[in-house]
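Asker: Quick one: this structure, given as structure tokens, is what I'll be asking you about.
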Ligand code: DX5
Ligand code: ZN
């Protein structure tokens, strides 16, 4: 089992001072940051663009930036996010485009890649690309907004993807995103997840150090 990674989501940070939210996460030991990119089409909300990411890098953010593209046409924007300093770029399986080609392009930009699936999308949808990815992200809420309730019915999907990973001897990370706190992270860990996005539970925690310490016990 891969060691657990916590990826605080800047969506729940201070949008007037994202660099300070990134620094806060880094001070608490986070090596990954999760950045949610929404286009108002694939999801009913808008967030950040490539310039936001470039500005974070210019401000000195050194952490691994896990860039989650919730875009109807990710192929139009992935290069801009790679140039802006993304470490990993994940793209959804639901929109129609050449997923395999786009995953290869992202690696060609020097980034890790990931494939993402919405709650209503079955694990079978991503099986054809599992040998082409560094990360599989199982959405545990309908994407678009932070602060939603964890979808416990996603646990069998995680277990299935973890099983396929072992059967095929694959090495991708298995990430969960949406409604993750210490309790739901533990449930996802038992189902095979190793990478945990935490927005609200991290940035709004009354005691972030205690949250991180609790997360450390997942291993
Ligand atoms: C939701 C985003 C998530 C969001 C999670 O569409 O993809 O990354 O930040 O927020 P929480 O952890 O508050 O559910
Ligand atoms: Zn996300």
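Asker: Does residue 86 fit the bill of being touching a residue at least 12 places away in the same chain (Cβ under 8 Å) and within 16 Å of ligand 1 (Cβ to nearest atom)?
Answerer: So residue 86 passes the test.
Asker: Taking the options 181, 134, name whichever one is more than 14 Å from ligand 2 (Cβ to nearest atom), within 23 Å of residue 47 (Cα to Cα) and free of Cβ contacts under 8 Å to residues at least 60 places away in the same chain. Steps first, please.
Answerer: On the way: 134 fails: within 23 Å of residue 47 (Cα to Cα).
Answer to the check: 181.
Asker: Name the residue, out of 179, 144, 108, that is surrounded by fewer than 20 Cβ atoms within 10 Å (Cβ to Cβ) and under 17 Å from the mean Cα position of the chain (by Cα).
Answerer: 144
Asker: When you go through (1) surrounded by fewer than 16 Cβ atoms within 10 Å (Cβ to Cβ); (2) under 23 Å from residue 179 (Cα atoms); (3) out of contact with any helix residue (DSSP H, G or I) (no Cβ under 7 Å at 6 or more places or on another chain) one by one for residue 42, which number turns out not to apply?
Answerer: Every listed condition holds for residue 42 apart from (1).
Asker: Looking only at region 9-27, count every residue that is surrounded by 16 or more Cβ atoms within 10 Å (Cβ to Cβ) and either in a loop (DSSP other than H, G, I, E, B) or near ligand 1 (Cβ under 9 Å from one of its atoms) (or both) and tell me the total.
Answerer: Total satisfying the criteria: 5.
Asker: Moving on. Identify, by number, the condition in (1) touching a residue at least 40 places away in the same chain (Cβ under 8 Å); (2) in contact with a strand residue (DSSP E or B) (Cβ under 6 Å, 6 or more places away or on another chain); (3) more than 16 Å from ligand 2 (Cβ to nearest atom) that residue 42 doesn't meet.
Answerer: Failed condition: (3).
All of the numbers you see were taken from the coordinates with simple rules; none came from a lab. Being a predicted model, the structure only gives us computed values, none of them experimental. No Cβ is skipped: glycine too gets one built from the backbone with ideal geometry, and neighbour counts run over all protein chains shown.
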